[in-house]
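Undergrad: The structure under discussion is supplied below as structure tokens; questions concerning it will follow.
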Ligand SMILES: Cc1cc2nc3c(=O)[nH]c(=O)nc-3n(C[C@H](O)[C@H](O)[C@H](O)COP(=O)(O)OP(=O)(O)OC[C@H]3O[C@@H](n4cnc5c(N)ncnc54)[C@H](O)[C@@H]3O)c2cc1C
């Protein structure tokens, strides 16, 4: 469990980090909480030559309310989000989501930006980001832009971030009625299935993680929904379901339906 | 006597463990020490075509690189137990090389070792070693390994069997009894493979001292003397008196650190080659691939009953994986530690077990907490519960009907089984009665009926186990194929000031010997615990020993210490009599002093100790000193037993099992420290629950491991288990001085079938009769669908 050799640079501003990323290109990796990147490096599955640590950049770890939105800085740890009263009161679905992530140690280090950029198909945040229709703010050498949640996740460990781009914050609309339901994988405690549901009157938005190699909006469920949870039976319509040692396609498909139903009922 | 025995004295060793001040092997840093890293095979079965170390040799900080061609330990590491084929042929014993030469036989087998100035440099250089492999088809399932088309692990014998062995009554007799039985219950399943997962990974430092011509091996082992013996006499052919093996604190073993591993021998050899100390500490990934695994029996069993539910015969056939080679105790595990427990706690008159033990393209399988006995208990306790369901009997009733009646082993003789052993003492119905009482069995059944009506899936599972511990009478195990004696050594050194050092050949890797052994020595000598130090884990300090496993430390090691304590008191009495000018027979010893009966004339233990070392006024003809060593060879195994009961609720939508209650009523004989016994039971229960619900090593068909990290290998966590409710009955062991039976493995033996029985009970009204372990949500849900 010894990583290969690397250089370490602590960035003091977003623009510096972006510049460094541009300079080192493929050789470099952004380091935030390190709770996905470092384990991979220890196993030598990932061997960056340069680590650009963004965790000390000021302004990237605040949670604020602006207009109708809650803005969570990319460097906010899961613990910080969990402890935020603002999030608890106006974005409770996010509180519920981070509560399910790892254990205290993991939550104390892992960040929202790192979690989204890493795009582990079994991680929790993506379902909630999708259901909330959050907006991801990024900055790169060509300046800043935003990416809608629905466009962000591209596949297993793959996002629409450009190589030189850094996530700086995530913007959420306030959510009154939402909930997150997770079936834990017994070893890793990541999600075998994670379902986020945001209800707004008769309409519903459903984000699903763990089921497919890309987290997705369960549009078929949303379309079929008319106030009752039977729409859950559409949880995997047009979805290619993952299979592993804990949940094969049949069982995972079943769980997806059960958990969408559960989230719709909650 | 009894200031300490039977009291929950807090563990003395915890002060250093809780402060992070333990002395584990990896904490040791020697001057000029080098670090090793291994190049390990990414295939389970392959030919090694070529190894190119030229690039690696040029890397920074490399001290040396060795491959299988370098002639280290040509005989390999030996097996310590011989089990023969039932036709009398000796078992097949392949060479287990320190480094693979031209053939790879399991994933992670070491091909080369790189020694460098630092661990980082060793790892970097190891990546530069280029190995050309030709991958070959592999077999990992023990039953498939015996199919005619199976790839061979060792070509020389034409099939994969290491041995084919049986025990018990004549097979045809057992078959005939089954044929005429009123009812026969049948089971087929795999007692699946688990990884030991000690918290401290294996770690070794070998240090050759050029000036003295001596080796020191620091090793995370459960039995330093045995390692020294095997290393010197069998692997490297170096003189035993020039080797010191040190094993200070060890962070858990569960069996996996009994064995003599290739890395230990290889490092010892290398240290002399390079003239410097060399360290290797396994990382967690290597631990999954190279620590000896446990279990892995494929079982087919039939049990016959008469119309009243009494067992009339039991016939079982098993395929038990050995792995790629024979580990130190491996052949004993599915045979003499397993078949001999097939009597269980029942009066079964006819028993036959046949064991085929194949080599497989996997890491070796050896003893893991319970070693053969959990596998026997799982079978007996599952099949009798299954039979109860089939015969519409209550699972408690069928057990009461079949129990061996209580016997104390003193007035009533020991119980002679059909499978070679004689049980020492037991009261099996006692523990079941108490367990049912703790549960509130009748109320539970009512609650269950109600819950079912509300669509809830509630179940209870019972298991009543027995185990053979206190390993072991040397002559008996010798006749069963052990290549070592299994006595123990206890040495008591009283110093001039009356302070006492106790040296034990057993080894503590979490058990609490420093506390428990001091408790009974303090009581026997009538002195404070603080005046007693327990020493273990250094072959230069401790005369000899066989280590710790098989719940033997107190029953065998403790007995050896008692023998020495008695010798101290016997000699002390002679000195006291002289000083008090009284006859020895007129003295009594209590509270740390000898008193002339009926008078207030006395002399303290401390004064007698001083006299022994300053023998100015001293009994004629008596040697000075107060220092005794004893060997204790037990006359029999010990037989702890107990009842474990699990209550579960199964989620009908997901199949997830919620373990709601766990009751353990164990009888481990006399109890020295209830807190430590409870801790041992609880830890064991969690391990057994882990196997039932979560843990499983999975190799795919090509021999790759799917569960090689904690992302995929599910260890039980605190929130997976409820508070464990413990109680005990006490049936003393009649044949050792403390009357103790052993508590280290009990929890892991009784618990697994209790949990699975409970899950099957919860689903029985849906027609579910068995579920393969571990009973994961997926498996339970699928069972519910069929
Ligand atoms: C034991 C354990 C259990 C866990 N359990 C869960 C769980 O149950 N559910 C769950 O969802 N997650 C879980 N995680 C993952 C955890 O949430 C991670 O912390 C998270 O996924 C990554 O965040 P990080 O800040 O640690 O990122 P890092 O590890 O620092 O980085 C991860 C990746 O993202 C990139 N990156 C980081 N920040 C940015 C940024 N701002 N912009 C662009 N790229 C960036 C890095 O270059 C790297 O490629 C677990 C982790 C561990 C170690």
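The values are calculated or read from the model by the stated rules, or taken from the named source; none is laboratory data. Quick caveat, the model's predicted, so the values are computed rather than measured. Please note: Cβ atoms are built from the backbone with ideal geometry, for glycine as well, and neighbour counts cover all protein chains shown.
Undergrad: Which numbered condition in (1) touching a helix residue (DSSP H, G or I) at 6+ places or on another chain (Cβ under 8 Å); (2) crowded, with 16+ Cβ neighbours inside 10 Å; (3) assigned by TED's automatic domain parsing to the domain that holds residue B:132; (4) outside any helix (DSSP H, G or I) is the only one that residue B:9 fails?
TA: (3)
Undergrad: Residue B:111 is checked against (1) within 14 Å of another protein chain (Cβ to nearest Cβ); (2) touching a residue at least 60 places away in the same chain (Cβ under 8 Å) and fails just one. What number does that condition carry?
TA: So the condition that residue B:111 fails would be (1).
Undergrad: On the basis of being under 26 Å from the mean Cα position of the chain (by Cα), closer than 17 Å to residue B:236 by Cβ and touching a residue at least 60 places away in the same chain (Cβ under 8 Å), does residue B:76 make the cut? Break it down stepwise before answering.
TA: Working: under 26 Å from the mean Cα position of the chain (by Cα): yes; closer than 17 Å to residue B:236 by Cβ: yes; touching a residue at least 60 places away in the same chain (Cβ under 8 Å): yes.
For residue B:76, the condition - under 26 Å from the mean Cα position of the chain (by Cα), closer than 17 Å to residue B:236 by Cβ and touching a residue at least 60 places away in the same chain (Cβ under 8 Å) - is met.
Undergrad: Answer yes or no as to whether residue B:686 is within 14 Å of another protein chain (Cβ to nearest Cβ) and either crowded, with 24+ Cβ neighbours inside 10 Å or within 22 Å of the chain's Cα centre (by Cα) (or both).
TA: Judged against the criteria, residue B:686 is not a match.
Undergrad: With the requirement that a residue be under 24 Å from residue B:484 (Cα atoms), in contact with a strand residue (DSSP E or B) (Cβ under 8 Å, 6 or more places away or on another chain) and without any contact (Cβ under 8 Å) to a residue 40 or more places away in the chain, what does the stretch B:189-243 give you?
TA: Matches in the stretch B:189-243: B:216, B:227, B:231, B:232, B:238, B:242.
Undergrad: Looking at the stretch A:79-102, which of the residues that are within 8 Å of the ligand (Cβ to nearest atom) and under 27 Å from residue A:52 (Cβ atoms) is nearest to the chain's Cα centre (by Cα)? First the steps, then the outcome.
TA: Just the residues of the stretch A:79-102 that are within 8 Å of the ligand (Cβ to nearest atom), to begin with: A:100-102.
Checking the rest, the ones that are also under 27 Å from residue A:52 (Cβ atoms) come to A:101-102.
Details: A:101: 11, A:102: 13 Å.
Applying the filter and picking the extreme gives A:101.
Undergrad: Then there's this: Checking residue B:8 against (1) touching a residue at least 12 places away in the same chain (Cβ under 8 Å); (2) within 26 Å of the chain's Cα centre (by Cα); (3) within 25 Å of residue B:282 (Cα to Cα), which test does it fail?
TA: (3)
Undergrad: Let me ask something additional. Listed residues A:1, A:60; which is under 28 Å from residue A:143 (Cα atoms) and either away from chain B (no Cβ under 14 Å) or out of contact with any strand residue (DSSP E or B) (no Cβ under 8 Å at 6 or more places or on another chain) (or both)? So that I can check it myself, show each step before the final result.
TA: Values: A:1 fails: under 28 Å from residue A:143 (Cα atoms).
After ruling out the rest, the residue left standing is A:60.
Undergrad: Could you identify the single residue in A:193, A:206 that is within 14 Å of chain B (Cβ to nearest Cβ), within 21 Å of residue A:255 (Cβ to Cβ) and either in contact with a helix residue (DSSP H, G or I) (Cβ under 6 Å, 6 or more places away or on another chain) or surrounded by fewer than 23 Cβ atoms within 10 Å (Cβ to Cβ) (or both)? Don't jump to the end; show me each part of the working.
TA: Details: A:206 fails: within 14 Å of chain B (Cβ to nearest Cβ).
Result: A:193 is the single residue among A:193, A:206 that is within 14 Å of chain B (Cβ to nearest Cβ), within 21 Å of residue A:255 (Cβ to Cβ) and either in contact with a helix residue (DSSP H, G or I) (Cβ under 6 Å, 6 or more places away or on another chain) or surrounded by fewer than 23 Cβ atoms within 10 Å (Cβ to Cβ) (or both).
Undergrad: Six or more apart or on different chains, Cβ under 6 Å: which pairs go from a residue in the stretch A:171-185 that's within 12 Å of chain B (Cβ to nearest Cβ) and in contact (Cβ under 8 Å) with a residue 24 or more places away in the chain to one that's within 16 Å of the ligand (Cβ to nearest atom) and in a strand (DSSP E or B)? Could you list them?
TA: A:181/A:195; A:182/A:191; A:182/A:194; A:183/A:192; A:183/A:193; A:185/A:192
Undergrad: Filter the stretch B:517-537 down to the residues that are within 24 Å of the chain's Cα centre (by Cα) and assigned to a strand (DSSP E or B), then identify the one that is nearest to residue B:7 (Cα to Cα).
TA: Restricting to residues being within 24 Å of the chain's Cα centre (by Cα) and assigned to a strand (DSSP E or B), the top hit is B:534.
Undergrad: Follow-up. Given the conditions (1) surrounded by fewer than 21 Cβ atoms within 10 Å (Cβ to Cβ); (2) modelled with pLDDT of 95 or more; (3) away from chain B (no Cβ under 12 Å), and given that residue A:229 satisfies all but one, which numbered condition is not satisfied?
TA: (2)
Undergrad: Further question: Given the structure, is residue B:31 assigned to a loop (DSSP other than H, G, I, E, B) and over 30 Å from residue B:216 (Cβ atoms)?
TA: Answer is no for this residue.
Undergrad: For residue B:775, are the conditions met, namely being within 14 Å of chain A (Cβ to nearest Cβ) and in contact with a helix residue (DSSP H, G or I) (Cβ under 7 Å, 6 or more places away or on another chain)? Steps first, answer last, please.
TA: Working: within 14 Å of chain A (Cβ to nearest Cβ): yes; in contact with a helix residue (DSSP H, G or I) (Cβ under 7 Å, 6 or more places away or on another chain): yes.
Spelling it out, residue B:775 is indeed within 14 Å of chain A (Cβ to nearest Cβ) and in contact with a helix residue (DSSP H, G or I) (Cβ under 7 Å, 6 or more places away or on another chain).
Undergrad: Here's another thing I want to ask about it. Restricting to strands (runs of 3 or more DSSP E) lying wholly in the stretch A:11-78: which have 2 or more residues that are touching a helix residue (DSSP H, G or I) at 6+ places or on another chain (Cβ under 7 Å) and away from the ligand (no atom under 12 Å from the Cβ)? Break it down stepwise before answering.
TA: On the way: elements: A:28-31, A:50-53, A:63-66, A:69-73.
Qualifying strands (runs of 3 or more DSSP E): A:63-66.
Undergrad: Here's something else I'd like to know. May I ask you to list the residues in the stretch B:696-706 that are facing another protein chain (nearest Cβ under 9 Å) and crowded, with 20+ Cβ neighbours inside 10 Å?
TA: Restricting attention to the stretch B:696-706, the residues satisfying the condition of being facing another protein chain (nearest Cβ under 9 Å) are B:696, B:698, B:706.
Within the stretch B:696-706, just B:696 meets the criteria.
Undergrad: Right, residue A:198: in a strand (DSSP E or B), at negative phi, at pLDDT 95 or above and away from chain B (no Cβ under 14 Å) or not? Walk me through how you get there before you give the answer.
TA: On the way: in a strand (DSSP E or B): yes; at negative phi: yes; at pLDDT 95 or above: yes; away from chain B (no Cβ under 14 Å): yes.
So residue A:198 fits the description; yes.
Undergrad: Another question, then. Considering A:263, A:224, which residue is under 24 Å from residue A:202 (Cβ atoms) and away from chain B (no Cβ under 14 Å)?
TA: Values: A:263 fails: away from chain B (no Cβ under 14 Å).
Step by step, each of A:263, A:224 is checked, and only A:224 is under 24 Å from residue A:202 (Cβ atoms) and away from chain B (no Cβ under 14 Å).
Undergrad: A further question on this structure: Hey, among A:185, A:181, which residue is away from the ligand (no atom under 12 Å from the Cβ), under 30 Å from residue B:775 (Cα atoms) and crowded, with 16+ Cβ neighbours inside 10 Å?
TA: Numbers: A:185 fails: away from the ligand (no atom under 12 Å from the Cβ).
After ruling out the rest, the residue left standing is A:181.
Undergrad: Scan the stretch B:539-558 residue by residue and report those that are surrounded by fewer than 24 Cβ atoms within 10 Å (Cβ to Cβ) and within 21 Å of the chain's Cα centre (by Cα).
TA: Answer for the stretch B:539-558, where residues must be surrounded by fewer than 24 Cβ atoms within 10 Å (Cβ to Cβ) and within 21 Å of the chain's Cα centre (by Cα): just B:544.
Yes/no per residue for (1) away from the ligand (no atom under 16 Å from the Cβ); (2) assigned by TED's automatic domain parsing to the domain that holds residue A:134:
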residue: A:166; (1), (2): no, yes
residue: A:190; (1), (2): no, no
residue: A:197; (1), (2): yes, no
residue: A:223; (1), (2): yes, no
residue: A:235; (1), (2): yes, no
residue: A:248; (1), (2): yes, no
residue: A:261; (1), (2): yes, no
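Undergrad: Out of the stretch A:111-124, which residues are more than 6 Å from the ligand (Cβ to nearest atom) and under 18 Å from residue A:83 (Cα atoms)?
TA: A:112
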